[in-house]
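Here the structure comes first, spelled out in structure tokens, and everything after it is commentary.
The values are calculated or read from the model by the stated rules, or taken from the named source; none is laboratory data. Because the structure is predicted, anything quoted here is derived from the model rather than measured. A quick note on method: Cβ atoms are made from the backbone with ideal geometry, for glycine too, and the neighbour counts reach across all protein chains shown. These accessible areas exclude ligands, DNA and RNA; they are computed on the full protein's heavy atoms, side chains included. Shrake-Rupley method; radii C 1.70, N 1.55, O 1.52, S 1.80 Å.
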Amino acid sequence: MTISFAGKVAIVTGAGGGLGRCHALELARRGARVVVNDLGGALDGSGGSSAAAEKVVAEIKAAGGEAIANGASVSDDAGVAHLVKQTMDTWGRIDVLIANAGILRDKSFGKMELKDFEAVMAVHLMGTVKPARAMWEIMKAQKYGRIVVTTSSTGLYGNFGQTNYGAAKASLVGFMHSLKLEGAKDNIHVNAICPVAATRMTEALLPPAIQELLKPEYISPAVAWLASDEAPTGLILTAAAGVFAAARLEETDGVNLGHAATAEDIAAHLGEIADWSTAKPYGQGGEQNAKFLAKIQDKPIIG
Ligand code: NAI
């Protein structure tokens, strides 16, 4: 199997540097016409210029690919509308969205100002939602779309000092799980990449020897696959340094304690309630609800 993006148009947000640049180069190398979006601001989201995006466009063109630059902020309504219009005016379709743009405003929760929380939510969550929404009807009309959201180990598992970033990155997993259901009948697949890579976002955290191992270009094959014709839908693919794994939410089978169950009864039966050997994932929320209705047929333990 050879994965090709010939004839496809891809928008990669935050592609002026770091991971997004590598994703844009990889998609272009495989034949996609690429819109390189980047606000070109600082790590905390301040400032901005389209120079970063233009530089990556020049790199793609030098390698024989096709690309255009866009300097909009993904959280700005007018900017996102322009991003979609510019793409449609230039190439007439949008097949792939790689929602990669991101910022950091790390602080322990007690020291974090609400504006730092809101700014991070605005870029990661709404900066994914707004472009996806603006191109949704286009993808539906085409009966084709591939959306890759960018989550993080912080979103899946937490990290000290990153309540804002963790909430934003976890929210993208929830977004993906519902959107995959809505996109299924129109061949729109939605997946999540969970990378670890040495970029300006992580340079303060990683020693130089480790940074060498964690090149951002090692993530882009995973993104290319998640955005391809052959892509699954609803997968969280984790990736670093050539190592790839899958992550998912699971729930235990549970026990029917009965209507008389008290808080003390729950504590007493936690071993059975949280018996992870019985855990499995669900394709959608309704499957969990159906499990509850099936479990009430079991004889209640308490009564
Ligand atoms: P980076 O800082 O090099 O790249 C982020 C890019 O997004 C920058 O070029 C920045 O200008 C752009 N950007 C920021 N706000 C924007 C906005 N409002 N509109 C358009 N562009 C904007 O960082 P990196 O590491 O490449 O991050 C890429 C994505 O991967 C982010 O979503 C990040 O949260 C995520 N990620 C990165 C990890 C890592 O180990 N580097 C780990 C987990 C997730």
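Observations on the structure shown:
- The GluC sites (Glu not before Pro) of region 242-303 that DSSP puts in a loop, and whose beta carbon has at most 15 other beta carbons within 10 Å, are Glu250.
- When each of Lys130/Lys185; Lys8/Lys169; Lys180/Lys280; Lys107/Lys180; Lys140/Lys291 is checked by Cα-Cα distance, pairs over 25 Å: Lys8/Lys169; Lys107/Lys180; Lys140/Lys291
- Average Cα contact separation per residue, region 197-303, under 8 Å, 6 or more apart, as relative contact order %: 23
- Note that region 250-303 presents 69 Å² accessible area per residue, ligands and nucleic acids not counted, probe 1.4 Å.
- Model label zone, Asp275; criterion: amide N under 20 Å from point 7 Å along Cα-to-beta-carbon; scope region 252-268: 252-262, 264-268
- What a 1.4 Å probe finds exposed on region 250-303 is 59% carbon and sulfur by accessible area, rounded to a whole percent.
- For Lys299, the aspartates and glutamates whose Cα falls under 16 Å of its own Cα, not counting residues fewer than eight places away in the same chain, are Asp253, Asp265, Glu272.
- Taking all protein chains into account, the per residue accessible area for region 148-221 stands at 45 Å² (1.4 Å probe).
- Loop-located trypsin sites (Lys or Arg not before Pro) in region 185-257 whose Cβ has at most 14 other Cβ within 10 Å (DSSP): Arg200, Arg248
- Computed over the Cα atoms of the chain, the ratio of the radius of gyration to the Kirkwood radius (Rg/Rh) comes to 1.03.
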